[in-house]
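Scroll down for the structure; my scribbles are underneath it.
Laboratory data are not the source of any read-out in this text; all were calculated from the coordinates shown. Just so it is clear, the model here is predicted, and its values are computed rather than measured. Neighbour counts run over all protein chains shown; Cβ positions are idealised from the backbone, glycine included.
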4 protein chains.
Amino acid sequence: MEPIKGEQRDGQSEIRKLAILTGGGDCPGLNAVIRAAVKTACHRGIAVVGIQDGFRGAVEGDFRPLELKDVSGILPRGGTILGTTNRDNPFAYPTQVGEERQVQDRSAEVLDRFKAEGIDALIAIGGDGSLSIAWEFAKQGLKVVGVPKTIDNDLMCTDLTFGFQTAVATAQDALDRLHTTAESHHRIMILEVMGRYAGWIALYAGVAGGADVILIPEIPYQLESIAEAVQRRARLGKHFSIIVVAEGAKPLGGDMVVERTMSGRTDPIKLGGIGAKLAADLEKVTDMETRVTVLGHLQRGGSPIAVDRVLSTRYGVAAVEAALAGDFGMMVALQGQDIVRVPMAEAVHKLKQVEPDDPVLNAARSMGIEFGD
Amino acid sequence: MEPIKGEQRDGQSEIRKLAILTGGGDCPGLNAVIRAAVKTACHRGIAVVGIQDGFRGAVEGDFRPLELKDVSGILPRGGTILGTTNRDNPFAYPTQVGEERQVQDRSAEVLDRFKAEGIDALIAIGGDGSLSIAWEFAKQGLKVVGVPKTIDNDLMCTDLTFGFQTAVATAQDALDRLHTTAESHHRIMILEVMGRYAGWIALYAGVAGGADVILIPEIPYQLESIAEAVQRRARLGKHFSIIVVAEGAKPLGGDMVVERTMSGRTDPIKLGGIGAKLAADLEKVTDMETRVTVLGHLQRGGSPIAVDRVLSTRYGVAAVEAALAGDFGMMVALQGQDIVRVPMAEAVHKLKQVEPDDPVLNAARSMGIEFGD
Amino acid sequence: MEPIKGEQRDGQSEIRKLAILTGGGDCPGLNAVIRAAVKTACHRGIAVVGIQDGFRGAVEGDFRPLELKDVSGILPRGGTILGTTNRDNPFAYPTQVGEERQVQDRSAEVLDRFKAEGIDALIAIGGDGSLSIAWEFAKQGLKVVGVPKTIDNDLMCTDLTFGFQTAVATAQDALDRLHTTAESHHRIMILEVMGRYAGWIALYAGVAGGADVILIPEIPYQLESIAEAVQRRARLGKHFSIIVVAEGAKPLGGDMVVERTMSGRTDPIKLGGIGAKLAADLEKVTDMETRVTVLGHLQRGGSPIAVDRVLSTRYGVAAVEAALAGDFGMMVALQGQDIVRVPMAEAVHKLKQVEPDDPVLNAARSMGIEFGD
Amino acid sequence: MEPIKGEQRDGQSEIRKLAILTGGGDCPGLNAVIRAAVKTACHRGIAVVGIQDGFRGAVEGDFRPLELKDVSGILPRGGTILGTTNRDNPFAYPTQVGEERQVQDRSAEVLDRFKAEGIDALIAIGGDGSLSIAWEFAKQGLKVVGVPKTIDNDLMCTDLTFGFQTAVATAQDALDRLHTTAESHHRIMILEVMGRYAGWIALYAGVAGGADVILIPEIPYQLESIAEAVQRRARLGKHFSIIVVAEGAKPLGGDMVVERTMSGRTDPIKLGGIGAKLAADLEKVTDMETRVTVLGHLQRGGSPIAVDRVLSTRYGVAAVEAALAGDFGMMVALQGQDIVRVPMAEAVHKLKQVEPDDPVLNAARSMGIEFGD
């Protein structure tokens, strides 16, 4: 991460062409990472190839050169100019064989294609799913650098993934909106946010949005604790409450709410998750009008906020620098205020949850925010 | 609406004390109307009494004086400092009688109380429900001025209700967010917005947010028309589509989608409305991934946008001026760029829908936006 | 403006190719107009040619075809994909002649080039300057439709120009920011907004942003009136005031503040306009800390707000429809809630100012907002 | 910072009443700190007294109790409910003595008054100025905890001050607005942001807003380097550039631009700082149209963004916890992701500047952003 003014070209690495892809769900900051990587590479005379639609493009050979003009103006834009998908694993790729559709390992084709195209290394921007695939390729000899992307912030070895803070900002804005309605109508307003396995968005948005109750997967809740918190407020003259609930929250002793799916898809159209269940339960217990809003995909879109643009940019630069330094099989990560490189092997197939001694959790408890336990 | 510099106190009206209340669902701009009315009244030496929680406070005698300091700083805030409710009609008021809860006509108490308090006239800020109640009181001799409030913009005799344009802005922001995800993931993204009987929010937000398909209650849709529009885009290389659907939209020959309710309440917690149904139907027909987001209460909250602040302020001033001019039983309304007074009798119990020759509808059709017919 | 479903091609007009250009200062909504015009034209099988950088491109022959793909995704973006300039009049075009730079009439070249390119009509999007040039061409036989663009809203014959309401929203947001600082620091905060000859932005932003004093070019101000308003507030316990001043405001009997320019340019870098003068004067008279912020170019940029996107879209559609109807020499305009066509001759070379009986001005006065007279 | 569920009251500290004040310039998040401190104190049965207008209120005895209801709803609001001032040091306090105004040491009165009021400790929220005063009191025996506040982020011993990230977001939004105008008009657009002695806002906003050139006080600039960067872009077909300049930036070998002041005040009304000088210089050298916008007080106001709300809340909680732990003479600070306590003696009277090896600076250089050296 040293300054490059007057720097000599790094001797040991012989990177002349980098490929870059974006995988998994949409996330604000993807374009900012791509832009920073391309600008950094161009600044050093390295060519960049964009792979369309994540690993699908790697199998199908859907490549295109990325030059400065291609990344001009994309910094503020949500989404990814490369497209993405959260299906399509080359190690188990859906392929038409004669009459039927089978799943085949087509990873070798990808490696061959990379060789044929003269691609020296791959920058894979993704969450646990895409980085796990990238790590499989790394084990087969591909030179890979990973960039941690998920709005859920539940990736190990990094303090922050990009996109998370924009999702928190979106959820906080929703809480601000619900607040005045709750107060004017003397209602309980529930906001269901993303976080199937970890409560980071709920925790941070809840603190930023002035929530009275925050429910996260890590802390199974008791309905009575929530009702008591709501009624304690009413006794103090506050006849409304704001509750943030992560989609993966669940009652103590209960299961995660089964979502009724409409199609066999992995990310089904939800008909009523934990927010709706909680609303119904709370209305019964408290006899207060209760409304639920499911924030859904709004958390994944929109222009990244400034802190995410800075973080995404730093990740994009650092990924290229890791490649030029010959430091492969690594994921760039934020630790404290620094960008570091961590082994992908330590980051993937794991889950970073909110720990009982998390400092933001503790600050929230100190102020009297209820967590339902 | 003349300038007041150097103006003489209006001789024929003997208004010394005005009451003001806000009724119905939350709506951005309520506080701006209250503030403008109070400032205008104070500027002329008229006292103002705020009634808490709509007509409930009128029955219960929950009043408080409103002075300049009470409305300081409330212009940008959503909600209403007076509280509101969308139940509690004095003409059919839920009352405990011995052991049971009955509905009683308690309107006479309200009139008596107003007389006792020396209230000369009432400014009622509300939608069709609250204005209808106000009109009943007007017929019984109460001096009433109405202010048209609904985010749905479906009130007769006024070009615009306040709150509508803020709701449109919120829905447009949501569409901007969904757009990049739709494009990056090659999906159909559906946004369900408010509008049970009229499609104004869907129409305006759809045009402002670049929707490809807009479905409104006034135009029953055919699934094939929508699927054809989506596939026509795909043939032009655009493998994504944005659909805005009003909650009251329905298929041709079909019924409005029955919402499964959880509590017998009038505004039930929805488990899956037209957006979810449409998503399931479209996935089957088009074989494209489809996601739905229900915007819900986010449309009702938040700081009013500048145009709504100006409109709300004009309404608040005009309501007081109507009272001072002795012009009662009237609703202030926007016609073209002017604030006028219209008889409440003509405005209530009616519904302003999107007509087939609506100019914004026609502009949308001219550009090729699909309406499903 | 009729619906086009099943409509027959208009017989009398023989428009096969339209040109479009954007002239004058930057304005939110330019891209929305271009997009709507191109989509409407394509939907009817009409070709569109974009002219780069306003009338400069018309002289230099800097044209490019505009198809659906060129306008995809531009609706939310500020600026103009066609570029613009507020210099370069073809009737007095700066031209290198031998050693020196002269001004020449090159309008005939433009007409010839249009003919050679098969351009049947021109849609000119601009303010008074660009529309005046367009009108000169119209008088020479070019088929022209104008679209009224200026953030200042000072064009005749239309209730609203596009861009104005976004500028108001930007100024209102600035006022919201200054408000809390004013209150926390017990200061006078002055915001200088655009409006050299008309006070529309100051008036609307002032009402929307809760200003205590609004100063506009149409109402010369007396310092004592402003000081008295500020001190009256202090006596009521409000030790801060918010003032919005249009750049063209001036003291009674005084001149518009001469701006010290840095270059000979028409839109010079300002070093201290009316805002700075007023701050210095007020500090002396009131002995209250006073700060000034000049909003400047921030008012011209950014994504258009929803109401401006709808208005811009309607203008773009209506301009193409006017061309197809053979209705030339006209400007599309908003009157009330309708888009109409007005003769360009009546719209150009004039100035729409805030009249003494303007309804928003009167509403502001009714609430006690001070205008300095 | 441990969780408080079931925790026993801290034995060694005997804090029953805390005072809190806010000093220095306005900063987004002040109210969030106050709210968190009051909520935390109330949750533990500690009384809180608010001191009005910073140390002025400490001298004048302008106190008021702060209870839960006083901090309700203030989280999203800019400014401070306690008022603030950036003058009025009790150790050199302006006092009327007979006919003349003298400066006197009135710190003893403050200490006496605190004792009389039963105030056990003071939480001082401020920048270097206010914290230095607080530290003087600490040396005289007052129990003090400091909270680091400055939008400039130039306080030692903490990675982040609250308010900084909101200021960066405001500046980034301004850059987004200027971007489209720059591109549409082929101009150089300069944004002057705060940062008299340190370039943090300029650096972070520049990276987040896609600036091409960033000028900060720590790196004296050469005009030719900037002009060359601008012209290099033009040769690549990009006929516009975005420059962010901190108000304290200066040319190599030159002085900080002397600001012409209008009054003798410490924070004078500026008439033309470095932005205007740079614009004039660049127009001459490059012959490109150049415009400058001075962001000014807009950076200090508005609702804090989510990350600042979380940080402010953590600071407020941590300050109370430090007091309860009997850890005085300390400032709460962010180091990495943790809130820690650092001796005030190490934090005050120093300046944290952007170091040559700052990681964000290096990332910016790696992408080719020009710093003028």
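Translational diffusion of the protein assembly as shown was estimated from the Stokes-Einstein equation, with Rh taken as the Kirkwood radius over Cα pairs; at 20 °C and 1.002 mPa s the coefficient is 64 µm²/s. With a 10 Å cut-off around each Cβ of D:47-59, the average count of Cβ atoms from other chains is 0.
Could you pull out the pairs from B:Lys69/B:Lys149; B:Lys149/B:Lys250; B:Lys352/C:Lys69 whose alpha carbons sit more than 28 Å apart here? Result: B:Lys352/C:Lys69 exceed 28 Å.
Expressed per residue, the C-alpha convex hull volume of the stretch B:165-301 stands at 102 Å³.
Rounded to the nearest 10 degrees, the angle from helix B:107-117 to the longest Cα principal axis of chain B is 50 degrees.
Shielding value for C:284-295 is 4, the average number of Cβ atoms from other chains within 10 Å of each residue's Cβ. For the stretch B:36-52, the Karplus equation 6.51 cos²θ - 1.76 cosθ + 1.60, evaluated at θ = phi - 60°, returns couplings of 5, 5, 5, 5, 5, 4, 4, 4, 10, x, 9, 7, 10, 10, x, 9, 7 Hz by residue, with Gly and Pro reported as x.
Projecting label points 7 angstrom from Cα along Cα→Cβ for D:Ala345 and C:Ala234 puts them 4.4 nm apart.
Placing a label point 7 Å from Cα along the Cα-to-Cβ direction at B:Arg16 gives distances to the equivalent points in the other copies of 5.1, 8.1, 9.5 nm, listed shortest first.
For the stretch D:8-118, the gyration tensor built on C-alpha atoms gives an oblate shape. Its axis ratio a/c (a ≥ b ≥ c) is at least 1.5, and a/b is not larger than b/c. Among D:Val193, B:Val294, B:Val49, the order by Cβ neighbours within 10 angstrom, fewest to most, reads B:Val49, B:Val294, D:Val193.
Short-range pairs are left out: with C-alpha atoms under 8 Å and at least six residues apart, the relative contact order of the stretch C:16-171 is 26 percent.
Here r is the Cβ-Cβ distance between D:Glu109 and D:Arg16 and R0 is 22 Å; the resulting FRET efficiency, rounded to 0.05, is 0.45. Remark on chain B: hydrodynamic radius 21.9 angstrom, per the Kirkwood mean of 1/r across alpha carbon pairs. When chain B is modelled as a GNM with alpha-carbon springs shorter than 10 Å, which of B:Val213, B:Val285, B:Val97 fluctuates the most? Judging by the Gaussian network model, the answer is B:Val97.
Within the stretch B:80-186, the percentage of alpha carbon pairs spaced more than 23 angstrom apart rounds to 48%.
Go ahead and set up a Gaussian network model of chain D, Cα springs under 10 Å, then flag whichever of D:Gly329, D:Gly54, D:Gly73 fluctuates most. Comparing D:Gly329, D:Gly54, D:Gly73 in the GNM, the peak value goes to D:Gly73. Please report the antiparallel percentage of DSSP beta bridges with both residues in the stretch A:13-96, rounded to the nearest 5. Taking every DSSP beta bridge with both residues in the stretch A:13-96, the antiparallel ones total about 50 percent. With respect to chain D, whose longest principal axis is taken over its alpha-carbon atoms, helix D:223-235 is tilted by about 60°.
Apply the a/c threshold of 1.5 to the C-alpha gyration tensor of the stretch C:22-74 and tell me whether it is rounded, prolate or oblate. It comes out oblate by the Cα gyration axes. Sorted largest first, the principal axis extents computed over the alpha-carbon atoms of the stretch D:315-373 equal 49, 24, 14 Å. Near B:Gly237: Cβ cut-off under 12 Å, other residues only, Lys/Arg at +1 and Asp/Glu at -1. The net charge is +3. Computed from the C-beta positions of D:Val285 and A:Glu355 and an R0 of 60 Å, the FRET efficiency is 0.60 to the nearest 0.05.
Nearest-to-axis residue in chain C, judged by Cβ distance to the rotation axis that brings C onto B and given in whole Å, is C:Gly336, 2.
Averaged over the residues of peptide C:30-36, the number of Cβ atoms from other protein chains lying within 10 Å of each residue's Cβ is 2. Global dimensions of the stretch D:270-317 from alpha-carbon coordinates: Rg and Dmax equal 17.9, 54 Å. Think of the stretch A:278-339 as a dipole: +1 on every Lys or Arg Cβ, -1 on every Asp or Glu Cβ, centred on the Cα centre; then among A:Val332, A:Leu295, A:Val320, A:Val320 lies furthest on the positive end.
Placing dummy labels 7 Å off each Cα toward the beta-carbon, the span from B:Ala116 to A:Gln140 is 8.5 nm. Between the alpha-carbon centres of the stretch D:276-330 and the stretch C:299-336 there is a gap of 39 Å. Between C:Ala108, C:Ala32, C:Ala276, the Gaussian network model of chain C with springs among Cα atoms under 10 angstrom shows the greatest mean-square fluctuation at C:Ala108. Label-point spacing for C:Glu346 across the identical copies (point 7 Å from Cα in the Cβ direction), in nm and ascending order: 2.6, 7.6, 7.6.
Dipole size of the protein assembly as shown about its Cα centre, with +1 on Lys/Arg Cβ and -1 on Asp/Glu Cβ: approximately 0 debye, rounded to the nearest 20. Normalised by 2.2 N^0.38 Å, where N is the number of residues, the alpha-carbon radius of gyration of the stretch D:182-255 equals 1.08. State whether the stretch A:100-143 is rounded, prolate or oblate according to the following rule on the C-alpha gyration tensor (a ≥ b ≥ c being the square roots of its eigenvalues): a/c under 1.5 gives rounded; otherwise a/b larger than b/c gives prolate, and the remaining case gives oblate. It is oblate, given that a/c is not under 1.5 and a/b is not larger than b/c.
Projecting the Cα positions of A:Gly248, A:His186, A:Thr170 onto the charge dipole of the stretch A:165-301 (unit charges on Cβ atoms of Lys, Arg, Asp and Glu, taken about the Cα centre) puts A:Thr170 furthest along the positive direction.
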